[in-house]
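K.L.:
Encoded as structure tokens, here's the structure I'll be asking about.
The values are calculated or read from the model by the stated rules, or taken from the named source; none is laboratory data. Just so it is clear, the model here is predicted, and its values are computed rather than measured. All Cβ positions, glycine included, derive from the backbone under ideal geometry; neighbour counts span all protein chains shown. Ligands, DNA and RNA are excluded from the accessible area calculation, which covers all protein heavy atoms including side chains. Shrake-Rupley method; radii C 1.70, N 1.55, O 1.52, S 1.80 Å.
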Amino acid sequence: MKLSKSFFHCYPVHKSDSDYFSTDSGAPDLKEVEKLLGYEFKDKALLEKAFTHASVADVAAGGCESYERLEYVGDAVLNMLLARALYLWYPDLSPGWLTQLRAANVDTEKLARVAVKHRLYTYLRHHRGGKIDDQIEEFRKEMEKHPLHSMGLIKPPKVLADIVESLIGAISMDCEFRLKKLWPIVKMLLEPIISPETMKLRPKAELQELCQKKRWKMRYHGGLEDGEINVFVEDHLVGKASYSRSMKKEVAINHAAKDALMHLKTTTFVSSETYSSDIGRELV
């Protein structure tokens, strides 16, 4: 693939390719991305832009633009395509369930997994040596503990989801938003798509549902100053999780809720059998 001049404007001449990519093998061939997608770009600049991080974009100097505008397009297209597919696949699901199912398939973690599965992060042009590479490596390790989705238990690097959305945005612009071109590519990238049978509640939502059904009073307490999040049910401490600046508060809350759910199975609040029949059902 012949790269446009703007591609090279992203890099000062005194820098080597290894300063800008997530691998040490130099600039990756974007033909590999086209091969993965089964789609050849008419406008190659769109593909280049889809993998250009703001840290190396240099529009003022006549260089390439970052992926942020394409990310905006891709986000809208992705939600529309999933809404259409789920509506057709599951005619008996309520709007509420369809919304939750769509959200699970387009959230930051799901899209970050797409970027890792297809190694899209290796095409990302950014300044190496910062937090991005460390965050990606940590996320790759955490993914192994949760094959499909952690449901809020790990913190995915947003940049991974961003490049998936920007790539979808680039394809959309290049093919002029033709659904017959777009949907097969997007479906391939997202597989395995989370279904009603495989979708689970996040621990926070699962605990809230259980407490509402049992009419138990539940509250969270704690924060950064405490170094942990505590869960109280009927004023009894039933779960906790550590909390630091390196994680989102929502992740810490989900870990605390998961701990609480495990604890409630063995307390006088509810038996294991009752617990299983109450919230161990499939989401349909």
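K.L.:
So, residue 71, is that one of a type in the set (D, E, K, R), touching a helix residue (DSSP H, G or I) at 6+ places or on another chain (Cβ under 9 Å) and in a loop (DSSP other than H, G, I, E, B) or not? Give the steps one after another, and end with the answer.
P.N.:
On the way: of a type in the set (D, E, K, R): yes; touching a helix residue (DSSP H, G or I) at 6+ places or on another chain (Cβ under 9 Å): yes; in a loop (DSSP other than H, G, I, E, B): no.
Spelling it out, it is not the case that residue 71 is of a type in the set (D, E, K, R), touching a helix residue (DSSP H, G or I) at 6+ places or on another chain (Cβ under 9 Å) and in a loop (DSSP other than H, G, I, E, B).
K.L.:
Now for a separate question. Conditions first: (1) in a loop (DSSP other than H, G, I, E, B); (2) out of contact with any strand residue (DSSP E or B) (no Cβ under 7 Å at 6 or more places or on another chain). Residue 56 passes all but one, so which condition is the exception?
P.N.:
(2)
K.L.:
Could I ask something else about it? Which one of 168, 185 is within 25 Å of residue 117 (Cα to Cα), under 15 Å from the mean Cα position of the chain (by Cα) and assigned by the TED database to the domain that holds residue 111? Don't jump to the end; show me each part of the working.
P.N.:
Details: 185 fails: under 15 Å from the mean Cα position of the chain (by Cα).
The conditions single out 168.
K.L.:
Within the bounds of segment 105-125, is there any residue that is closer than 22 Å to residue 244 by Cβ and polar (S, T, N, Q)?
P.N.:
yes
K.L.:
Let me ask another. Select from segment 120-171 the residues that are crowded, with 21+ Cβ neighbours inside 10 Å and charged (D, E, K, R) and write down the one among them that is farthest from residue 206 (Cα to Cα).
P.N.:
Applying the filter and picking the extreme gives 125.
K.L.:
Same structure, new question: Answer yes if at least one residue in segment 168-183 is modelled with pLDDT under 90, of a type outside the set (Gly, Ala, Ser) and touching a Ser or Thr at 6+ places or on another chain (Cβ under 7 Å), and no otherwise.
P.N.:
no
K.L.:
Which is touching a strand residue (DSSP E or B) at 6+ places or on another chain (Cβ under 6 Å), touching a residue at least 24 places away in the same chain (Cβ under 8 Å) and within 20 Å of residue 32 (Cβ to Cβ), of 140, 113, 125?
P.N.:
125
K.L.:
For segment 73-83, does any single residue satisfy the condition of being among the β-branched types (Val, Ile, Thr), touching a residue at least 40 places away in the same chain (Cβ under 8 Å) and in contact with a Gly (Cβ under 7 Å, 6 or more places away or on another chain)?
P.N.:
Yes, segment 73-83 has at least one match.
K.L.:
At pLDDT 85 or above, open to solvent by less than 40 Å² (accessible area, probe 1.4 Å) and in contact with a helix residue (DSSP H, G or I) (Cβ under 6 Å, 6 or more places away or on another chain): is that true of residue 264 in this structure? I'd like the intermediate steps shown before the answer.
P.N.:
Working: at pLDDT 85 or above: yes; open to solvent by less than 40 Å² (accessible area, probe 1.4 Å): yes; in contact with a helix residue (DSSP H, G or I) (Cβ under 6 Å, 6 or more places away or on another chain): no.
For residue 264, the condition - at pLDDT 85 or above, open to solvent by less than 40 Å² (accessible area, probe 1.4 Å) and in contact with a helix residue (DSSP H, G or I) (Cβ under 6 Å, 6 or more places away or on another chain) - is not met.
K.L.:
Among (1) surrounded by fewer than 16 Cβ atoms within 10 Å (Cβ to Cβ); (2) modelled with pLDDT of 90 or more; (3) aliphatic (A, V, I, L, M), where does residue 186 come up short?
P.N.:
The single condition residue 186 does not satisfy is (1).
K.L.:
All but one of (1) at pLDDT 95 or above; (2) under 23 Å from the mean Cα position of the chain (by Cα) hold for residue 92, so report the exception by its number.
P.N.:
Result: residue 92 fails condition (2) only.
K.L.:
What are the residues in segment 100-115 that are surrounded by fewer than 17 Cβ atoms within 10 Å (Cβ to Cβ) and at pLDDT 95 or above, if any?
P.N.:
If the condition is that a residue be surrounded by fewer than 17 Cβ atoms within 10 Å (Cβ to Cβ) and at pLDDT 95 or above, then no residue fits.
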